[in-house]
Amino acid sequence: MSLRSSRDIPSLEITPPEIYRERRLFMQGMGVMVAGTALGITSDAQAGAKLADVHRSPYTLNEEKTPYKAVTTYNNFYEFGPGKSDPAERAGSLKTRPWTVKVEGEAGKPGEYDIDSLLKLAPLEERVYRLRCVEGWSMVIPWIGFPLSELIRRAAPTSRAKYVEFVTLDDPGQMPGQRSDILDWPYVEGLRMDEAMHPLAILAVGLYGEVLPNQNGAPVRLVVPWKYGFKSAKSIVRIRFVEKQPLTAWMRAAPREYGFYSNVNPHVDHPRWSQAKERRIGEFLKRDTLMFNGYGAQVAQLYRGMDLQTFF
Ligand code: MTE
């Protein structure tokens, strides 16, 4: 996504919400766990530390995962530079403790969550999701986190809250890429309220069983699997409920290229390249990109009646 430079396929591997709820109760009753026995994680958990008491979520793909090395060394995090290896090479300067996430705006119960209390907000789940970058590559990543809706419910948004805005840390001392003006910092993203409440949208705090590496958005980031990767804002410090559609960092930088919705859509090309195919990292041949990244059965109803060419 460098500035320089419908077909709805239901994903059979994903359990629909009704079944999910039942199965979740069942699974909790059985005490199904992926790893560990202790409750939560230790208060000084840093990148690489194992996350304990993680439940296996039925909202998970049965697809070959992208190797840990690729997930953690090939990605975008412009706060550390525009190159694919910049985040892994330079994100060591990010301090993820102490860390506070402010929840504010149109909410009956605004507040500040210390990262360690956020980690205990809801049961942690492992969810294997596809991630499709707008640049044309994709990965399959086992995230650990909890539904964003859990936090939203606790904040009791008012009837005026129509959108949710997510803001990344703004600190050029820790984030050397912010010394360049490639984007107007801080990084801002947003979701419509019903998108934010969708059970597939999660706040991730880990991957591959471990606390999130800095380059993947530690200590807490959004993951919205049916949208292009750039919607999944990293290293979040503020979540704000607002009445008007937020102006996101990419819309501000290139409004013709990046719309608010940013749903993965093989039928709507980026002005400078096709979105019909993607390269799964680790594979040689390109594969077809799926409408809503393959999550159409779960999310298509959010956009019923909308012209997705206009609202791209
Ligand atoms: N969040 C912030 N704050 N800054 C960024 O530059 N890049 C986005 C997204 N979140 C980005 C961000 C893009 S373009 C992608 S594809 C994903 O992060 C990639 O990171 P991941 O592989 O760790 O998910």
> When you look at Phe292, is it more than 15 Å from Tyr228 (Cα to Cα) and of a type in the set (Phe, Trp, Tyr), yes or no?
Replying inline: no
> What are the pairs, 6+ residues apart or on separate chains, where a residue within the stretch 228-245 that is closer than 17 Å to Ala201 by Cβ and modelled with pLDDT of 95 or more has its Cβ under 6 Å from a residue that is within 15 Å of the ligand (Cβ to nearest atom) and assigned to a helix (DSSP H, G or I)?
Replying inline: Phe230/Trp250
> Which condition number does Val205 fail, the rest of (1) closer than 25 Å to Glu89 by Cα; (2) open to solvent by 10 Å² or more (accessible area, probe 1.4 Å); (3) assigned to a strand (DSSP E or B) being met?
Replying inline: (2)
> Does Gln215 qualify as being at pLDDT 95 or above, in contact with a helix residue (DSSP H, G or I) (Cβ under 7 Å, 6 or more places away or on another chain), surrounded by fewer than 20 Cβ atoms within 10 Å (Cβ to Cβ) and of a type outside the set (Asp, Glu)?
Replying inline: no
> Any idea which of (1) within 10 Å of the ligand (Cβ to nearest atom); (2) open to solvent by less than 10 Å² (accessible area, probe 1.4 Å); (3) not acidic (Asp, Glu) is the one Trp226 doesn't satisfy?
Replying inline: (1)
> Counting just the residues of the stretch 239-264 that are more than 12 Å from the ligand (Cβ to nearest atom) and either assigned to a strand (DSSP E or B) or in contact with a helix residue (DSSP H, G or I) (Cβ under 6 Å, 6 or more places away or on another chain) (or both), which one comes out farthest from Thr100 (Cα to Cα)?
Replying inline: Asn263
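Residue-wise test of (1) closer than 26 Å to Pro266 by Cα; (2) touching a Lys or Arg at 6+ places or on another chain (Cβ under 8 Å).
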residue: Pro199; (1), (2): yes, no
residue: Gly209; (1), (2): no, yes
residue: Asn214; (1), (2): no, no
residue: Pro219; (1), (2): no, yes
residue: Pro225; (1), (2): yes, yes
residue: Lys231; (1), (2): yes, no
residue: Lys234; (1), (2): yes, yes
residue: Ile239; (1), (2): no, yes
> Given the residues Ser180, Ser235, Ser159, which is the only one that is in contact with a strand residue (DSSP E or B) (Cβ under 8 Å, 6 or more places away or on another chain), among the small types (Gly, Ala, Ser) and over 20 Å from Tyr303 (Cα atoms)?
Replying inline: Ser235
>> Suppose the filter is more than 18 Å from Trp99 (Cα to Cα), near the ligand (Cβ under 9 Å from one of its atoms) and buried (at least 22 other Cβ atoms within 10 Å of the Cβ); does Val164 pass it?
In response: no
> Taking the stretch 82-99, which residues are under 20 Å from Gly209 (Cα atoms) and either of a type in the set (Asp, Glu) or part of a loop (DSSP other than H, G, I, E, B) (or both)?
Replying inline: Thr96, Arg97
> What about Lys109, is it in contact with a Lys or Arg (Cβ under 9 Å, 6 or more places away or on another chain) and either of a type outside the set (A, V, I, L, M, F, W, C) or closer than 29 Å to Gly294 by Cβ (or both)?
Replying inline: yes
> Which ones in the stretch 105-127 are open to solvent by 40 Å² or more (accessible area, probe 1.4 Å) and out of contact with any Gly (no Cβ under 8 Å at 6 or more places or on another chain)?
Replying inline: Gly105, Glu106, Gly108, Lys109, Pro110, Glu112, Tyr113, Asp114, Ser117, Pro123
> Which is modelled with pLDDT of 95 or more and not in a loop (DSSP other than H, G, I, E, B), of Glu64, Glu22, Glu18, Glu79?
Replying inline: Glu79
> Of all residues in the stretch 82-99 being within 12 Å of the ligand (Cβ to nearest atom) and surrounded by fewer than 20 Cβ atoms within 10 Å (Cβ to Cβ), which is nearest to Pro186 (Cα to Cα)?
Replying inline: Pro82
> Where residues in the stretch 100-154 are part of a strand (DSSP E or B) and of a type in the set (S, T, N, Q), which of them is nearest to the ligand (Cβ to nearest atom)?
Replying inline: Ser138
>> Which of the numbered conditions does Met193 fail, given that it passes all the others? Conditions: (1) under 27 Å from Arg97 (Cα atoms); (2) aliphatic (A, V, I, L, M); (3) away from the ligand (no atom under 16 Å from the Cβ).
In response: (1)
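The values are calculated or read from the model by the stated rules, or taken from the named source; none is laboratory data. Keep in mind that this is a model prediction, so the values were computed, not measured. Every residue, glycine as well, gets a Cβ built from its backbone with ideal geometry; the counts of neighbours run over all protein chains shown. In case anyone asks, the SASA skips ligands and DNA or RNA and just uses the protein heavy atoms, side chains included. Shrake-Rupley method; radii C 1.70, N 1.55, O 1.52, S 1.80 Å.
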